[in-house]
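> Quick one: the structure is below, questions incoming.
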Amino acid sequence: MHKFAEKITTKYSLTTMTLRLYFFWMVIFAVERSLFYLMNWTELAPVPFSEIIFSYFKSWKLDTSTAGYLIAFPLVLNLLGTLFPISQLVKSINLIFTTFFLVVLSFIISSEIAVYEVWQTKLSFNVLRYLKEPALVMDVTSPGITLQTTLLSIVQVFIGLLLYLRFIHHQKIQLTHQPILAIPQFVILTLALVWGIRGGLFQMTPITQSVVIFSRHDIINWGTINSHWNLIQSIENNARNGEENTMIYMPKAEAEQYLEAFLKPEQQDSSFNILTQKRPNILIFLLEGFTSDVVESLGGYPGATPFMETLMDGGYTFTQCISSATRTEQGLTCVYGGYPAQPRTAIVGQLSKHKNTPSITEELQKEGYWTSFHYGGELSYINMKAWLYTKKLDLIIDETFWDLPEKKGGLGYHEETVFPQLLDDLNKAPKPFCSGILTTATHDPFDHPKIKTFKVGKVMNHLLDAAYYTDHHLKEFFQAAQQTDWYKNTLFVFVADHARKSPRQWPRDCYESRLIPLFFFGDVIKEKYRGIRDERMVSQIDIAASLFHLMEIPTTRYPWSKNLFNHQMPEYAYSSSFENIIWASPEKYVVYDIDKNVPVPHLSGAYSKQEINLVKGYTQLLMEDFFEK
């Protein structure tokens, strides 16, 4: 029996063991890719099956680079196992090493699947910023997603360990003790690892994500990019960026010249005032994640926001408003501070910059306004409460105000709880007031009470359900507000904090994906301006300067914001995301990749060199201003 056991024990050289490890990790990455596609299968409907299959082959370069890092340590251990009689010890250490990274990697890919469901992006340094507050992340994540992440991690670890124990750690698999051949094999294998990690030995720059991107479908490109490689590079890039502007594309004077030539309005001022009074009450509805796709008259799905449609029919609406922000904390300073969203960071998240960022409430308080902000969720998330407190608002209310566990959702309290409280506070408030409210229902986990259920095709859509819920309670709020003495003196401003994934599955950062509602409503609007649909290109950051021009208040603290009620002002909007910077103007739209320093053709529309110079110059000056604050 002993002799038979000896015969079936297989001795492997250092090279063979390294190759087995390489193919092990490549199989693990293929399993991860399959899970990613499986969990996002609805987005694969328009994708040719051939592209899905090809992504497994196209991904090999980044997968090989990632595997190279994971093989480096075991390679050194295996070298020692071939030089000295310690192969069993080497096998044990390698098992611990591999198990550890299987757990870490499985958690990364499972978390990314959950992140993609909500934010339509891969796990990155920017996403990890939110993990500093894990309790809040759990609050806005449905129990289903949490359970899904846990189960996926367990499944991946189980599959990985099963494969590793069967094909690498098996008791019948042993390293060959061959000191003479081990050293030259080690040298060759080390060169091979360097080649794999860099994507080649002699090229000037290491491998990047661009070598695997090939599809016009975002879901395929995200699936093809190795998640672990992408995360490490993102962390490395942000660590390297540090606290200074790295987005320098040209001399500062040249950037200023490009913007001056485009942005300087003509001498003739065509400003017009839509208001009947200079000091109205102001109530800003900051609509969480509202995309134009939920508003029928803006090209959206029918029936999702019927009451808002009636308000727009009697108000002044901008039909082409581009969201500068991608996150709520950015949207807050876009609307209140007239400050563009910064790529890869947010000014609200940096306490040292709060006092140097203006807010419309500061100017209005000087004019005798009472100020407040209401939110059903937790404002401490990413320092929003700190920023609002820096602005010294008279009243700030978030979820800590209520103790109604039976009505609380994952994100916080919904409109049916917050709107009545807002109404009660405004009834008691000194006049004039400037109040803001951030809604919650249209944010994951969509656990608001259901009023109406929408389907897109045969698939239920939670965003449309939530938009209808918000719209329903907005109608109830207005019905009650119309009975108050302050209603007739109030200007209502409706705008989204940012756009989000819609049922139409627009590619992220394309023109349609950035459109949001923006309209003004109220009895204080002159009759001749009611029902206007203004088709000029605008941004949410323009609200600040526009309000102050209407009220004849200086706008010197808001240089990035422009007056929407001056038709001599040039039409443009600036946006940014984790990966891109965006410039939009009439019939022009360019999406510019920050890392690759090139336009993204399949996301851009028509553009010229002028738009490229403008988006680069604008970003450079914005980030210089950001770091100086």
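The values are calculated or read from the model by the stated rules, or taken from the named source; none is laboratory data. Note that the structure is predicted; figures quoted are calculated from it, not measured. Cβ: placed from backbone, ideal geometry, glycine included. Neighbour counts: every protein chain shown. Surface areas here come from the heavy atoms of the whole protein model, side chains and all, with no ligands, DNA or RNA. Shrake-Rupley method; radii C 1.70, N 1.55, O 1.52, S 1.80 Å.
> Go over the candidates Asp394, Asp403, Asp424 one by one and state the one that is open to solvent by 40 Å² or more (accessible area, probe 1.4 Å), in contact (Cβ under 8 Å) with a residue 24 or more places away in the chain and not β-branched (Val, Ile, Thr).
Asp394
> Also: Quickly run through the stretch 471-489 and pick out the residues that are surrounded by 16 or more Cβ atoms within 10 Å (Cβ to Cβ) and in contact with a Gly (Cβ under 9 Å, 6 or more places away or on another chain).
Matches in the stretch 471-489: Tyr487, Asn489.
> If you don't mind, another one. So which residues in the stretch 562-613 are under 15 Å from Leu515 (Cα atoms), in a loop (DSSP other than H, G, I, E, B) and within 19 Å of the chain's Cα centre (by Cα), if there are any at all?
Within the stretch 562-613, Ser577, Leu603, Ser604 meet the criteria.
> Check Val104 against each of (1) β-branched (Val, Ile, Thr); (2) closer than 17 Å to Leu165 by Cβ; (3) open to solvent by 30 Å² or more (accessible area, probe 1.4 Å) and name the one condition it does not meet.
(2)
> Where residues in the stretch 337-373 are among the hydrophobic types (A, V, I, L, M, F, W, C) and at pLDDT 95 or above, which of them is farthest from the chain's Cα centre (by Cα)?
Here the answer is Trp370.
> Okay, moving on. Please give the number of the condition Gly81 fails out of (1) within 26 Å of the chain's Cα centre (by Cα); (2) on the phi < 0 side of the Ramachandran plot; (3) not aromatic (Phe, Trp, Tyr).
Exception for Gly81: condition (1).
> Which ones in the stretch 172-196 are open to solvent by 30 Å² or more (accessible area, probe 1.4 Å) and more than 47 Å from the chain's Cα centre (by Cα)?
Lys172, Thr176, His177, Gln178, Pro179, Ile180, Leu181, Ile183, Pro184 - these are the residues of the stretch 172-196 that are open to solvent by 30 Å² or more (accessible area, probe 1.4 Å) and more than 47 Å from the chain's Cα centre (by Cα).
> If I filter the stretch 154-177 for residues that are more than 22 Å from Phe24 (Cβ to Cβ) and either modelled with pLDDT under 90 or among the β-branched types (Val, Ile, Thr) (or both), do I get at least one hit?
Yes, because at least one residue in the stretch 154-177 is more than 22 Å from Phe24 (Cβ to Cβ) and either modelled with pLDDT under 90 or among the β-branched types (Val, Ile, Thr) (or both).
> Where the second residue is among the aromatic types (Phe, Trp, Tyr) and open to solvent by less than 90 Å² (accessible area, probe 1.4 Å) and the first is within 27 Å of Met551 (Cα to Cα) and modelled with pLDDT of 95 or more and lies in the stretch 472-490, which pairs have Cβ atoms under 6 Å and are six or more apart or on separate chains?
Leu474/Phe307; Phe477/Phe419; Ala481/Tyr487
> Right, here's the next one. Which residue pairs have Cβ atoms closer than 6 Å, lie 6 or more positions apart in sequence or on different chains, and pair a first residue in the stretch 182-201 that is in contact (Cβ under 8 Å) with a residue 12 or more places away in the chain with a second residue that is loosely packed, with under 13 Cβ neighbours inside 10 Å?
What qualifies is Arg198/Pro206.
> Something else now. Pick out the one residue from Gln505, Gln540 that is under 30 Å from Asn580 (Cα atoms) and modelled with pLDDT under 95.
Details: Gln540 fails: modelled with pLDDT under 95.
Being under 30 Å from Asn580 (Cα atoms) and modelled with pLDDT under 95 holds for just one of Gln505, Gln540, which is Gln505.
> Let me ask something else about it. Looking at the stretch 515-546 only, could you name the residues that are touching a helix residue (DSSP H, G or I) at 6+ places or on another chain (Cβ under 9 Å), open to solvent by less than 10 Å² (accessible area, probe 1.4 Å) and not in a strand (DSSP E or B)?
Listed by number, the residues that qualify are Gly522, Val524, Gln540, Ile541, Ile543, Ala544.
> Separate question: Do the conditions hold for Ser324, that is, is it farther than 22 Å from Phe125 by Cβ and in contact (Cβ under 8 Å) with a residue 24 or more places away in the chain? Break it down into steps so the answer makes sense when it comes.
Details: farther than 22 Å from Phe125 by Cβ: no; in contact (Cβ under 8 Å) with a residue 24 or more places away in the chain: yes.
It is false that Ser324 is farther than 22 Å from Phe125 by Cβ and in contact (Cβ under 8 Å) with a residue 24 or more places away in the chain.
> Sticking with this one: Check off (1) touching a strand residue (DSSP E or B) at 6+ places or on another chain (Cβ under 8 Å); (2) in contact (Cβ under 8 Å) with a residue 40 or more places away in the chain; (3) open to solvent by 70 Å² or more (accessible area, probe 1.4 Å) for Thr453 and give me the number that stays unchecked.
Result: Thr453 fails condition (2) only.
> Mind checking which residues of the stretch 441-475 are aliphatic (A, V, I, L, M) and under 26 Å from the mean Cα position of the chain (by Cα)?
Ala441, Val456, Val459, Met460, Leu463, Leu464, Ala466, Ala467
> Could you go through the stretch 435-444 and let me know if any residue there is open to solvent by 10 Å² or more (accessible area, probe 1.4 Å) and closer than 30 Å to Arg504 by Cβ.
Yes, the stretch 435-444 contains at least one residue that is open to solvent by 10 Å² or more (accessible area, probe 1.4 Å) and closer than 30 Å to Arg504 by Cβ.
> So, one more: Residue by residue through the stretch 490-502, note down the ones that are over 25 Å from Trp560 (Cβ atoms) and open to solvent by less than 20 Å² (accessible area, probe 1.4 Å).
Answer for the stretch 490-502, where residues must be over 25 Å from Trp560 (Cβ atoms) and open to solvent by less than 20 Å² (accessible area, probe 1.4 Å): Thr490, Ser502.
> Being surrounded by fewer than 18 Cβ atoms within 10 Å (Cβ to Cβ) and farther than 24 Å from Thr246 by Cβ is the filter here, so list the residues in the stretch 586-600 that pass it.
Those that are surrounded by fewer than 18 Cβ atoms within 10 Å (Cβ to Cβ) and farther than 24 Å from Thr246 by Cβ: Pro586, Glu587.
> Is it true that some residue in the stretch 341-363 is open to solvent by 40 Å² or more (accessible area, probe 1.4 Å) and charged (D, E, K, R)?
Yes.
> Scanning for something modelled with pLDDT under 90, touching a strand residue (DSSP E or B) at 6+ places or on another chain (Cβ under 9 Å) and in a helix (DSSP H, G or I), does the stretch 31-49 turn up at least one residue?
Within the stretch 31-49, one or more residues are modelled with pLDDT under 90, touching a strand residue (DSSP E or B) at 6+ places or on another chain (Cβ under 9 Å) and in a helix (DSSP H, G or I).
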